[in-house]
Amino acid sequence: MLACTYKKTGNFELTEKNKPQLLDTKDAIVKITMSSICSSDIHIKHGSVAKAELGITVGHEMVGIVESIGSDVKNVKVGDRVTVNVETFCGECFFCKKGFVNNCTDKNGGWALGCRIDGGQAEYIRVPYANQGLNKIPETVSDEQALFVGDILATGFWAAKISEIKEDDTVLIIGAGPTGICTLICTILKNPKKIIVCEKNKARRDFIKRYYPNVIVTEPENCINIINRECERGGADVVIEVAGVEETFQMAWMAARPNAIVTIVALYNKPMSLPLPDMYGKNLTFKTGGVDACDCAEILSLIEKGKIDTTPLITHKYQLKDIEKAYEIFENKQENVIKIAIVNS
């Protein structure tokens with residue numbers, strides 16, 4: 001089968017690999033119908049994800065059709081259309097039972113697909129712990145509608161949930177890339193008083209204005225002025241940082257009011273530092289880390305009900321055989337790209 005493979009730092013190649021086989025009674029084999037490229041794939045490509053293993057098939061955002069299942073898989077059956085969770089989790093360890101599935105203690109627990117075990121930018125994938133890792137797609141929901149459920153939409157949903165957003169809050173979201181937009185969509189579900197989005201890219205600011213006209217949009221150089229104008233309590237009540245550079249990391253705490261929640265969703269390619277003497281007295285609560293992607297069934301239900309629609313994010317489509325061209329466009333942010341759907345015909 002064709003698979004996009006991590007060959008060496010700075011290099012992914014489309015190669016031929018053997019079709020995966022069931023290795024455990026809890027496994028499933030899924031025939032991929034559609035996948036996508038994520039910013040985390042770019043981090044892997046350039047060596048910024050230390051646990052990523054050379055030779056793996058990349059890709060952790062996909063939907064497909066169940067082709068075979070192990071004897072202990074009960075939640076899906078052969079022929080079901082499914083979303084594939086970005087995380088592998090056993091469901092039985094301390095962390096899984098608490099909902100902290102990103103920290104599953106299984107050897108393949110947490111973010112493994114497309115990082116430590118073969119992922120989904122391929123024709124087929126083996127999914128460990130398929131009872132937890134696969135969710136059946138409702139008949140009325142298309143592959144395009146479900147494509148981001150297992151990764152960036154789960155991330156946005158998790159970010160909005162852990163940020164404890166209240167209806168009287170002003171929420172600042174820093175970064176309007178794909179994950180930032182998914183975070184915005186899920187923040188809207190919380191019905192806060194105001195939402196401000198800060199984004200440096202004009203095309204993405206225009207995208208937000210077009211699809212979410214009630215959101216206040218600003219560029220980074222004017223963000224603090226907008227915060228001072230729109231916020232009554234000396235800053236945003238909640239700040240969600242999704243951009244992932246040093247300037248936005250610092251902006252996150254600076255734009256927050258005293259006693260605010262600052263949620264760090266972004267993945268950085270170098271250490272960040274907090275100037276604690278300058279922050280003294282702000283009494284901020286920081287929440288950081290990788291998504292606990294255990295709400296995919298609820299997200300699919302919200303899509304089915306028409307409350308979430310991420311299809312406008314798909315600005316480009318390419319066949320799997322042309323994925324190297326798709327990577328060139330996505331990595332270099334060409335053609336006003338937001339997300340690229342990789343289609344297996």
Problem set entry | Efficiency of FRET between Lys7 and Glu67 - r from beta-carbon atoms, R0 30 angstrom, step 0.05 | 0.65
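Rank-order 189-200, 319-330 by packing density, defined as the average count of other C-beta atoms within 10 Å over each peptide's residues, highest first.
Values: 189-200: 20.0, 319-330: 17.2.
The peptides rank, most packed first, as 189-200, 319-330.
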Seminar exercise, completed: Taking placed amide H atoms and a strict 5 Å upper bound, the residues 5 or more places from Leu14 or on another chain that come that close are Thr5
Problem set entry | Unit Cα scatterers, Debye sum, the stretch 156-288: log10 I(q)/I(0) for q = 0.15, 0.17 Å⁻¹ | -0.62, -0.81
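For Thr285 and Tyr212 in the same chain, what is the full-extension length gain: residue separation times 0.36 nm, less their Cα-Cα distance, in nm?
Values: separation 73, 0.36 × 73 = 26.28 nm, distance 2.82 nm.
The span from Thr285 to Tyr212 would gain 23.5 nm if fully extended.
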For this session: Report the FRET efficiency, 1/(1 + (r/R0)^6), for Glu53 and Asn222, where r is their Cβ-Cβ distance and R0 is 45 Å, rounded to 0.05.
Result: 0.60
For this session: For the pairs Lys17/Lys51; Lys31/Lys325; Lys98/Lys209; Lys74/Lys107; Lys8/Lys136, note any where the Cα-Cα span goes beyond 26 Å.
Result: Lys98/Lys209; Lys8/Lys136
Exercise. For the chain, with equal point scatterers placed on the C-alpha atoms only and solvent neglected, what are the log10 I(q)/I(0) values from the Debye formula at q = 0.07, 0.10, 0.12 1/Å, to two decimals?
Worked result: -0.28, -0.58, -0.83
Problem set entry | Rounded to whole Hz, the Karplus (6.51, -1.76, 1.60) HN-Hα couplings of the stretch 105-118, x for glycine and proline | 8, 4, 4, 9, x, x, 6, 10, 4, x, 9, 10, 10, 4
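Compute the relative contact order of the stretch 156-288 as a whole-number percentage, counting only Cα pairs closer than 8 Å that sit 6 or more residues apart in sequence. Don't jump to the answer; show the numbers that get you there.
Values: 244 pairs, mean separation 32.1, N = 133.
Taking the mean separation of contacting Cα pairs over the length of the stretch 156-288, I get 24 percent.
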Problem set entry | Potential lengthening between Lys305 and Lys161 on full extension [0.36 nm per residue; Cα-Cα distance subtracted] | 49.9 nm
Exercise. ³J(HN,Hα) across the stretch 154-171 via Karplus (A = 6.51, B = -1.76, C = 1.60, θ = phi - 60°), whole Hz, x for Gly/Pro?
Worked result: 4, 5, x, 5, 5, 4, 5, 5, 6, 7, 6, 5, 10, 5, 8, 8, 9, 10
Problem set entry | Stretchable slack from Arg233 to Thr140, in nm (0.36 nm times residue separation minus alpha-carbon distance) | 29.1 nm
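Can you tell me what share of the DSSP beta bridges in the chain is antiparallel? A percent to the nearest 5 is fine. Show your work: numbers first, answer last.
Numbers: 31 of 58 bridges.
For the chain, the DSSP antiparallel bridge percentage is about 55.
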Exercise. Taking H as built 1.01 Å from N, whose amide H comes closer than 5 Å to the amide H of Asp24, not counting residues under 5 places away?
Worked result: none
For this session: Quick one: what are the phi-derived ³J(HN,Hα) couplings along the stretch 281-289, Karplus 6.51/-1.76/1.60 with θ = phi - 60°, whole Hz, x for glycine and proline?
Result: x, 6, 6, 7, 10, 9, 10, 9, x
For this session: Please list the non-local residues whose amide H lies under 5 Å from the amide H of Thr263, H modeled 1.01 Å from N, same-chain partners needing a gap of 5 or more.
Result: Val239, Ile240, Glu241, Lys287
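Among Lys287, Lys339, Lys136, which comes first, second and so on when ranked by fewest other beta-carbon atoms within 10 Å?
Lys287, Lys136, Lys339
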Problem set entry | Projected label distance in nm at Gln250 and Lys17, using a 7 Å step from Cα toward the beta-carbon | 4.1 nm
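Computed from the coordinates by the stated procedures, all read-outs in this text should not be read as laboratory data. Just so we're clear, the structure is a prediction, and the values are computed from it rather than from any experiment. Note: ideal-geometry Cβ built from the backbone for every residue, glycine included; neighbour counts use all protein chains shown.
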